[in-house]
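The structure appears below as structure tokens.
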Amino acid sequence: MATRIGTEADTVKMLEHLMSLDYDAIDAYQAAIERLEDDDYVAVMMRFKADHERHLIELRPIVTRLGGTPPDGPGPKSFLASGKVKLANLLGDEAILRAMRTNESDTNTAYERAFAKAPPDAREVLRHGLEDERRHLEWIVGTLAGIENQRRRRGRRNEPRPPQP
């Protein structure tokens, strides 16, 4: 799902939507935590979920100060974020990580746009949030690349060897 967050003309609405996206991310991370089999992946997902929870805490006073109403839960697209993870559960950890990669791609895009348009009193919070989002995506992409490399190495070991002269 491509996000439109960060394209709003109204800065307060943009920040409110960004907060809703963080709630969506928390739901998706919780779904991943409940379904991943690899304990190391679960530990990382718990840290990433905590980052999104911190984003909400940091954005709430800014939105309030700007006259907005901070959301208190996920947006209407929440099922899309967590639903992808729940469906991916049928295919295992790699599929769950792939679903989380698409979610984090959207979150990265939203934070990049929001940071570029942020009022001065929100820039530092959004800069830290963007750094978190980039770190999340980098870890997921790197982990998926590692899984793919392992699969390739295993595949080569299972290939028949050419006959020896």
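The values are calculated or read from the model by the stated rules, or taken from the named source; none is laboratory data. Worth saying up front: this structure is predicted, and the values here are computed from it rather than measured. Here Cβ is always computed from backbone atoms with ideal geometry, including for glycine, and neighbour counts include all displayed protein chains. With ligands, DNA and RNA removed, areas are computed over all heavy atoms of the protein, side chains included. Shrake-Rupley method; radii C 1.70, N 1.55, O 1.52, S 1.80 Å.
Looking at region 41-58, can you tell me whether even one residue there is exposed (fewer than 14 other Cβ atoms within 10 Å of the Cβ), β-branched (Val, Ile, Thr) and modelled with pLDDT of 95 or more?
Yes: region 41-58 contains one or more residues that are exposed (fewer than 14 other Cβ atoms within 10 Å of the Cβ), β-branched (Val, Ile, Thr) and modelled with pLDDT of 95 or more.
For the condition without any contact (Cβ under 8 Å) to a residue 12 or more places away in the chain and of a type in the set (S, T, N, Q), what is the one hit in THR64, THR69?
Answer to the selection: THR64.
Based on this model, can you work out whether ILE62 counts as open to solvent by less than 70 Å² (accessible area, probe 1.4 Å) and assigned to a helix (DSSP H, G or I)?
For ILE62, the condition - open to solvent by less than 70 Å² (accessible area, probe 1.4 Å) and assigned to a helix (DSSP H, G or I) - is met.
If you check every pair at least six apart or on different chains, which have Cβ atoms under 7 Å apart with a residue in region 34-61 that is without any contact (Cβ under 8 Å) to a residue 12 or more places away in the chain first and a residue that is outside any helix (DSSP H, G or I) and open to solvent by less than 60 Å² (accessible area, probe 1.4 Å) second?
As it stands, the answer is VAL42/LEU36, since those pairs meet every condition given.
Taking LEU21 as the residue in question, decide whether it is of a type in the set (A, V, I, L, M, F, W, C) and either at pLDDT below 95 or under 19 Å from HIS136 (Cβ atoms) (or both).
Spelling it out, LEU21 is indeed of a type in the set (A, V, I, L, M, F, W, C) and either at pLDDT below 95 or under 19 Å from HIS136 (Cβ atoms) (or both).
So the check is Cβ under 7 Å with 6+ separation or different chains; which pairs have a first residue in region 107-133 that's closer than 14 Å to GLU58 by Cα and open to solvent by less than 30 Å² (accessible area, probe 1.4 Å) and a second one that's in a helix (DSSP H, G or I) and hydroxyl-bearing (Ser, Thr, Tyr)?
LEU126/TYR111; GLY129/TYR111; LEU130/TYR111
Restricting region 145-163 to residues that are open to solvent by 50 Å² or more (accessible area, probe 1.4 Å) and modelled with pLDDT under 80, which is farthest from ALA95 (Cα to Cα)?
Here the answer is PRO163.
Of the conditions (1) open to solvent by 60 Å² or more (accessible area, probe 1.4 Å); (2) within 23 Å of ASP10 (Cα to Cα); (3) modelled with pLDDT under 95; (4) assigned to a helix (DSSP H, G or I), LEU80 satisfies every one except a single condition; which number is it?
Result: LEU80 passes all but (2).
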